[in-house]
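Notes for the one structure printed next.
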Amino acid sequence: MLQTSANLYLPPMRIALFGDIHANLEALEAVLDDAAKQEVTDYVCMGDIVGYNADPAACLERVRAMECPTVKGNHDDDASGNHSLDNMNPVAAAALEWTRRQLGDEQRQWLRRLRMVRQVSDFTVVHSTLDQPAHWNYVTNRFDAMSNFSYQFTRICFHGHTHVPRVYVKSDRVQEVPAESLVIEDSAKYFINVGSVGQPRDGDWRSCYAIYDIEKKQIVFRRVEYDIAETQRKILAAGLPEMLAERILEGR
Ligand code: ZN
């Protein structure tokens, strides 16, 4: 019998928003396991799949196989180009030089072709900010967030880049509220940093991501433990700067 759309069961959309994976495969797998247990139906990636840690190719292939909307991060951009990294901080530059050697031409091309901004369902996704996405500005206070809101035409925009979960709300003015579970109100706009999977910098080493339940209009932040000792072992075995193994434990 032919099925009509009326008798197709569509589960309510629960979307996992994850990014700043930074080649940390243990963290990525732990987050995806957790998201599956949370009955997530869809995935959206905030970019910075590679850079810093030891599994760039494996993380790239894992995300690529998911075929989920993904935006480009600055490390994805740097790892897939041939430009000089001299202006960068030396630790990030060393990791990116190493990362460039780990990726095949076709993988670099996939990274290069990622879009800067995407609209998904009723929200927008960008790695840094909507006002100048290719300038990779850091949003660390409500004044930075104001510039973004001028270019935000959806109720919610999710982003990453600072590796610190943050929530900015614009109603009659822009304010920062704690990055905890929240319910979306129709009268406000939201600019939400979903934190980092592979290198959190808010003092908590556990992976961070968010789940947006469209039907409940609810956003929940999740923190997930992973096998950090294994990630550290791989960083050192790869000959990457030791500081990269230390900082993931300190969450900075
Ligand atoms: Zn990043």
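Nothing in this text is a laboratory measurement; each read-out follows from the coordinates by a stated rule. Treat the numbers as computed from the prediction; the structure is a model and nothing was measured. Cβ sites come from the backbone with ideal geometry, for glycine too, and all protein chains shown count toward neighbours.
Legend: calculated FRET efficiency, Ala36 to Glu176, from the Cβ-Cβ distance at R0 = 35 Å, rounded to 0.05, equals 0.65.
Restricting the range 118-195 to trypsin sites (Lys or Arg not before Pro) that sit in a DSSP loop and have at most 13 other Cβ atoms within 10 Å of their own Cβ leaves Arg173. Computed from the alpha carbon atoms alone, the convex hull of the range 14-250 holds 111 Å³ per residue. Between Gln132 and Ser147, the modelled labels are 0.5 nm apart [label points 7 Å from Cα along Cα→Cβ]. Under a 5 Å amide H to amide H cut-off, with H placed in plane at 1.01 Å, what residues pair with Tyr226 once short-range neighbours are removed? Residues meeting the criterion, in which the H sits 1.01 Å from N, are Ser207. Put simply, the amide H of Arg115, placed in the peptide plane, has neighbours under 5 Å in Lys72, leaving out anything fewer than 5 places away on its chain. Look at Leu182, Leu60 and count the other Cβ atoms within 10 Å of each Cβ; fewest to most, that gives Leu182, Leu60.
With R₀ fixed at 45 Å, the C-beta to C-beta distance from Met88 to Glu215 puts the FRET efficiency at about 0.60. I want to check the label-to-label distance for Arg252 and Arg112. Put each point 7 Å from Cα in the C-beta direction and report it in nm to one decimal. Inter-label distance under the simple model: 3.8 nm. Placing +1 on the Cβ of every Lys and Arg and -1 on the Cβ of every Asp and Glu, with nothing else charged, gives the range 14-250 a dipole about its Cα centre of roughly 500 debye. Computed from phi, the 3J(HN,Hα) profile of the range 59-67 under the Karplus parametrisation 6.51, -1.76, 1.60 (θ = phi - 60°) reads 5, 4, 5, 5, 5, 4, 5, 6, 6 Hz, with x in place of Gly and Pro.
Spacing of the modelled spin labels on Tyr9 and Glu185, each 7 Å from Cα toward Cβ, amounts to 3.6 nm.
Pairs of Lys residues in the chain are counted when their Cα atoms are under 30 angstrom apart and they lie 8 or more places apart or on different chains; the count is 15.
First measure r as the distance between the Cβ atoms of Arg233 and Arg101, then evaluate 1/(1 + (r/R0)^6) with R0 = 22 Å and state the FRET efficiency to the nearest 0.05.
Numbers: r = 20 Å, r/R0 = 0.91.
Once the sixth-power term is evaluated, E becomes 0.65.
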